[in-house]
Every structure is written in C-alpha cells, then in structure tokens.
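Written out below as structure tokens is the structure these notes cover.
The values are calculated or read from the model by the stated rules, or taken from the named source; none is laboratory data. If you're wondering where the values come from, they're calculated on a predicted model, not measured in any experiment. Neighbour counts run over all protein chains shown; Cβ positions are idealised from the backbone, glycine included. Just so you know, the surface numbers come from the protein's heavy atoms only, side chains and all, with ligands and any DNA or RNA stripped out. Shrake-Rupley method; radii C 1.70, N 1.55, O 1.52, S 1.80 Å.
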Amino acid sequence: MSAASEVRASYDTVAVDYEALLRDELDGRPLERALLTAFAEMVGAGPVADVGCGPGRVAAHLQALGLDVFGIDLSPGMVDVARAAHPGIRFEVSSMTALDVADGGLAGVLAWYSVVHMPDSELPAVFGEFARVLRPGGSVLLAFHLGDDPVHLDHAYGHPLSLDVHPHQPDHVASMLSDAGFGLLATMVRAPDGPEKRPRAYLLATLERVTCHPDIDDR
C-alpha cells in the first residue's frame, strides 16, 4: 500500500472519533487562535483553501473570522464528517500535491498539521503547488510537529491503523518555502502541552514571486 493510501485509510478509520475528540481543541489554544486571526487579517476577502482539513474544525474557525474558506482532504471519511459538521462550508476530496484550483486563484492556503504526513523530500513539490494556486502576495500558514525522526503509529484515536508522522525543522521548512517563492514573515515554536510529546512549529509566509511550473520551458 502506498503512503498516500495508508494516510487515506487511516483517517477514514478514525474520522468520527477524531472529530469528536478535537472538536473544541482550539478553545484552549490562544496562541494558535492568534496566529489564525493574523492569517485571516492578512488574507482579507479572497478565497482560502484549508489543505488537509480533516473534520473541518479549523476551516469553521476561519469562516467565523470572516474568510471565504473551503476545505480539501485526502480522506473521503474525513470529508463526509466535515460536511456533516459544517454544512455551510464546501469540502472536497483532493490531494495537496494536485490542487483543483486555477493558477493564482487563492488569497491564502492553510496547512494545519497536514504536512506531517509528507517527508522533507516531498515538501518542495507541495510548496510549489501552493505557490501555483496563490496570487502574488497571498499567504500560507503551516503547522507541524518539530523534530527530526519520523514516528510510525499502529494505534491512534481508539483504532488500529498504519500511519507515518514526519516532524520537520522550521529552518529547513523556511528554506524550502523560500525556494518556492515565499518570504517568511514569522515563526512560532511552542512547548508540548498535555499529552503532546513534541514541540509544535508554525510558519507564516507570503508569496513574493511567481514561480515557473517545472514542465514549462520559458526560454
């Protein structure tokens, strides 16, 4: 089974319990809410994609902040749960490596703990796709686990599964964002809280230049 298939199957399995367990998590996260508010103010009125939206709780928070937001997720089970929980928001099954969005069609991209299922080697392609769909000056906000060594999960959210979690180093992620045409605005790192075992990192950046698609020869 491919890595993407394992991610899809795992989140299909846990979707209902995941939504119930994390439904109100942002209520106790003032730092994260502050970052999301800053992101919303920077984006303004343009459309925003919550990439790897899970059950839609962060998309719903952004909508409450006034954003025109929609969500995508690799897991059909998560999308079903998100649609039921937040019927006023559009959710679709899709991959962050091939977004069904026109070039320059978005004002913002949120990837809230969704890049943790991508090893470093795959992030440049992901960030290139984010650059493609963002308008110049558009914003991206990333959240991920901080660290070096991947972790394999055989059980989570009350279910057996098979899922790899890839932590990342903020400086390395910032360098890859820069290569994709982004300018870093802020980095925040916080200590683990409660049952968390790793620090958390958050990067906010804006698209500074338009990058060429690798398949296009512009000589």
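On inspection, residue 79 fails the criterion of being in a helix (DSSP H, G or I) and within 13 Å of the chain's Cα centre (by Cα). Is the range 4-26 home to any residue that is of a type in the set (Val, Ile, Thr), open to solvent by 60 Å² or more (accessible area, probe 1.4 Å) and under 19 Å from residue 85 (Cα atoms)? Yes, the range 4-26 contains at least one residue that is of a type in the set (Val, Ile, Thr), open to solvent by 60 Å² or more (accessible area, probe 1.4 Å) and under 19 Å from residue 85 (Cα atoms). Beta carbons closer than 8 Å, at least 6 apart along the sequence or on distinct chains, pair a first residue in the range 168-182 that is surrounded by fewer than 21 Cβ atoms within 10 Å (Cβ to Cβ) with a second that is assigned to a loop (DSSP other than H, G, I, E, B) and not acidic (Asp, Glu) for 169/147. Of the residues in the range 29-39, not one is touching a residue at least 12 places away in the same chain (Cβ under 8 Å), in a loop (DSSP other than H, G, I, E, B) and basic (Lys, Arg). If the condition is being within 19 Å of residue 175 (Cα to Cα), open to solvent by 80 Å² or more (accessible area, probe 1.4 Å) and at pLDDT 95 or above, then the range 133-160 contributes only 136. Can you find a residue that is under 23 Å from residue 156 (Cβ atoms) and in contact with a Lys or Arg (Cβ under 8 Å, 6 or more places away or on another chain) anywhere in the range 29-41? No - not one qualifying residue is present in the range 29-41.
When restricted to residues that are at pLDDT 95 or above, over 25 Å from residue 3 (Cβ atoms) and open to solvent by 10 Å² or more (accessible area, probe 1.4 Å), the range 43-66 contains 8.
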